[in-house]
Amino acid sequence: MILMVIFASFLFIIIVFHHIFTFKTHGNSMEDFNIWLNDHNRDFTALKKLIYSMNLIPSQSKHTWDSLTQKILQQLEKGVDFEKLESIIEFELGAKYGLYIDEFNSEEIATDIMDWWNSSS
């Protein structure tokens, strides 16, 4: 669990530095970056609450989902399609969280996430 939190934090730092570099090389200001960062943090928090509310693993900590939330949010920001999102969810919940495919419905989870994303954009 601690490793997942460390990994999610590390992934977030990489994403932030990537976006700083991208913003600077495309002539955008730090104000534009700050707006993006605030939006990203707001979306991260809302998506993590949505995933947590699905109660995929009983007695879970909210931090349990940081890595998955970051991965999904990054894909949403890139314009991921439904099928790819569904396959990411299946892989992550199975490989990283140890859930069996019959313990969750990746199509329903992907639908809920896409509905949230489309309504928040």
Pairs where the first residue, in region 22-35, is surrounded by 10 or more Cβ atoms within 10 Å (Cβ to Cβ) and the second is modelled with pLDDT under 75 and assigned to a loop (DSSP other than H, G, I, E, B), C-beta under 8 Å, 6+ apart | F23/S29
What about N105, is it within 14 Å of the chain's Cα centre (by Cα) and free of Cβ contacts under 8 Å to residues at least 12 places away in the same chain?
-> no
Can you find a residue in region 50-63 that is surrounded by 17 or more Cβ atoms within 10 Å (Cβ to Cβ) and charged (D, E, K, R)?
-> no
Which one of these does F82 not meet: (1) surrounded by fewer than 18 Cβ atoms within 10 Å (Cβ to Cβ); (2) over 19 Å from N118 (Cβ atoms)?
-> (2)
Only helices (runs of 4 or more DSSP H) wholly contained in region 10-121 count here; list those with 3 or more residues that are at pLDDT below 85.
-> 30-53
Go through region 88-121 residue by residue and tally those that are among the small types (G, A, S), within 13 Å of L50 (Cα to Cα) and surrounded by 17 or more Cβ atoms within 10 Å (Cβ to Cβ).
-> 1
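The values are calculated or read from the model by the stated rules, or taken from the named source; none is laboratory data. Bear in mind the structure is a predicted one, so any value in this text is a computation, not a measurement. All Cβ positions, even for glycine, are placed from backbone atoms using ideal geometry, and neighbour counts span all protein chains on display.
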